[in-house]
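Novice: This is the structure I want to talk about, given as structure tokens.
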Amino acid sequence: MNDHILIERPQAHPGVLVIRFNRPEKKNAITQAMYGRMTEGLLEAEDDAGIRAVAFLGTEGCFSAGNDMADFLAFAMAGAVGEPAAFGFLKALWSVSKPVVSGVDGLAIGIGTTIQMHCDLTIASDRSLFKTPFVDLALVPEAGSSLLAPKMMGHQRAFAMLAASEGFSAEQATEAGLIWKVVAPAEVEAETLKLAASLAAKPPEAMRIARDLIRGDRGELAARMDEELKFFVERLKSAEARTAFEAFMTKGRG
């Protein structure tokens, strides 16, 4: 439903577009429809010269628990073809030409973590947890994380996060270069919006060029995302993944 993702233009922070997860009863687990709405938000920001920065926010105690597993199980059982809606969102995220910031309070699981690798700056609360249980679910890393994480944090930390499914505290995530700044939970949203507004107020063309130089050639990232998608879809339809999903769903009902 559209109200599970809120697209906001806060009057107090001109030039900022906020994409807010708003499904707290499901820990902001992301459905296909939510991915579609976030993609619309990013395209809106890209096309509007009045928007100069994008901010992602969650709800109190949870950024996102990752993909909605019922959606994933339905995809696997149906033997669906084509790219998942998540991939369209990720393409829009890595290709947006304006600064992207994020405010994380609490859980950031799966794509809730890998989104941060595409953000220019992330502020997190001191109670946040970053975790990517891809292999635990018989899947593989996504969102270009298999390329970005080793460059960002080195092989050992990247392997611990993406393959061993180790959770990172806010302090560990800061040390790994995944996030920029840690604040108290009550300060996350205000600090994130203040940061986004500060970026939005800077000369936009200079910001665009500086950001492009810092991020470097995105062709390698696009190629890796395509490669990850191929394996991800294959794994999603595998018997191993179905077993893992069903076990996860059963545990959740227990």
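The values are calculated or read from the model by the stated rules, or taken from the named source; none is laboratory data. Quick caveat: nothing in here was measured; it's all calculated off a predicted structure. In this analysis, Cβ positions are derived from the backbone assuming ideal geometry, glycine residues included, and neighbour counts consider all displayed protein chains. Note: areas computed on protein heavy atoms with side chains; ligands, DNA, RNA excluded. Shrake-Rupley method; radii C 1.70, N 1.55, O 1.52, S 1.80 Å.
Novice: Just for segment 37-53: of the residues that are under 21 Å from residue 108 (Cβ atoms) and touching a strand residue (DSSP E or B) at 6+ places or on another chain (Cβ under 9 Å), which one is surrounded by the fewest Cβ atoms within 10 Å (Cβ to Cβ)?
Specialist: 37
Novice: What number goes with the only condition from (1) crowded, with 21+ Cβ neighbours inside 10 Å; (2) touching a Phe, Trp or Tyr at 6+ places or on another chain (Cβ under 8 Å) that residue 134 does not pass?
Specialist: The single condition residue 134 does not satisfy is (2).
Novice: Here is a further query. For segment 1-31: of the residues being of a type in the set (S, T, N, Q) and in a loop (DSSP other than H, G, I, E, B), which is surrounded by the most Cβ atoms within 10 Å (Cβ to Cβ)?
Specialist: Here the residue is 28.
Novice: While we're on this one: Which of the residues spanning segment 215-254 are without any contact (Cβ under 8 Å) to a residue 60 or more places away in the chain and of a type outside the set (Gly, Ala, Ser)? Quick ask: steps written out before the conclusion?
Specialist: Residues of segment 215-254 that are without any contact (Cβ under 8 Å) to a residue 60 or more places away in the chain, as a first pass: 215-217, 219, 223, 226-227, 230, 234, 239, 247, 250-251, 253-254.
Scanning segment 215-254 gives 215, 217, 226, 227, 230, 234, 250, 251, 253.
Novice: Give the residue that is least open to solvent (accessible area, probe 1.4 Å), with candidates limited to residues of segment 195-207 that are more than 12 Å from residue 120 (Cα to Cα) and assigned to a helix (DSSP H, G or I).
Specialist: The extreme case among them is 200.
Novice: What about residue 189, is it among the acidic types (Asp, Glu), open to solvent by 70 Å² or more (accessible area, probe 1.4 Å) and either at pLDDT below 95 or touching a His at 6+ places or on another chain (Cβ under 6 Å) (or both)?
Specialist: no
Novice: Hey, residue 214 hits all of (1) open to solvent by 40 Å² or more (accessible area, probe 1.4 Å); (2) part of a helix (DSSP H, G or I); (3) more than 22 Å from residue 16 (Cα to Cα) but one; which does it fall short on?
Specialist: (3)
Novice: Listed residues 219, 177; which is surrounded by fewer than 15 Cβ atoms within 10 Å (Cβ to Cβ) and modelled with pLDDT under 95?
Specialist: Testing whether each residue is surrounded by fewer than 15 Cβ atoms within 10 Å (Cβ to Cβ) and modelled with pLDDT under 95 leaves just 219.
Novice: Sticking with this structure for a sec: For residue 145, are the conditions met, namely being open to solvent by less than 60 Å² (accessible area, probe 1.4 Å), in contact with a helix residue (DSSP H, G or I) (Cβ under 8 Å, 6 or more places away or on another chain), modelled with pLDDT of 95 or more and not aliphatic (A, V, I, L, M)?
Specialist: yes
Novice: Something else now. For residues in segment 54-85 being closer than 25 Å to residue 179 by Cβ and either out of contact with any strand residue (DSSP E or B) (no Cβ under 7 Å at 6 or more places or on another chain) or assigned to a loop (DSSP other than H, G, I, E, B) (or both), which is modelled with the lowest pLDDT?
Specialist: First pass over segment 54-85, keeping only residues closer than 25 Å to residue 179 by Cβ: 54-68.
In the following step, the residues that additionally are either out of contact with any strand residue (DSSP E or B) (no Cβ under 7 Å at 6 or more places or on another chain) or assigned to a loop (DSSP other than H, G, I, E, B) (or both) were identified as 58, 60-61, 65-66, 68.
Values: 58: 98, 60: 97, 61: 97, 65: 97, 66: 95, 68: 90.
Here the answer is 68.
Novice: With the requirement that a residue be under 23 Å from residue 48 (Cα atoms), of a type in the set (Lys, Arg) and within 18 Å of the chain's Cα centre (by Cα), what does segment 167-224 give you?
Specialist: Once the filter is applied, which keeps residues that are under 23 Å from residue 48 (Cα atoms), of a type in the set (Lys, Arg) and within 18 Å of the chain's Cα centre (by Cα), segment 167-224 yields 215, 218.
Novice: Could you please give the count of residues in segment 86-113 that are modelled with pLDDT of 95 or more and more than 13 Å from the chain's Cα centre (by Cα)?
Specialist: Total satisfying the criteria: 6.
Novice: Which pairs turn up if I take residues in segment 1-26 that are closer than 19 Å to residue 43 by Cβ and look for partners that are assigned to a helix (DSSP H, G or I) and open to solvent by 40 Å² or more (accessible area, probe 1.4 Å) with beta carbon separation below 6 Å, at least 6 apart in sequence or on another chain?
Specialist: Once the first residue is closer than 19 Å to residue 43 by Cβ and sits in segment 1-26, its partners that are assigned to a helix (DSSP H, G or I) and open to solvent by 40 Å² or more (accessible area, probe 1.4 Å) give 2/37; 5/37.
Novice: So how many residues does segment 148-166 have that are open to solvent by less than 50 Å² (accessible area, probe 1.4 Å), free of Cβ contacts under 8 Å to residues at least 40 places away in the same chain and over 23 Å from residue 240 (Cα atoms)?
Specialist: 4
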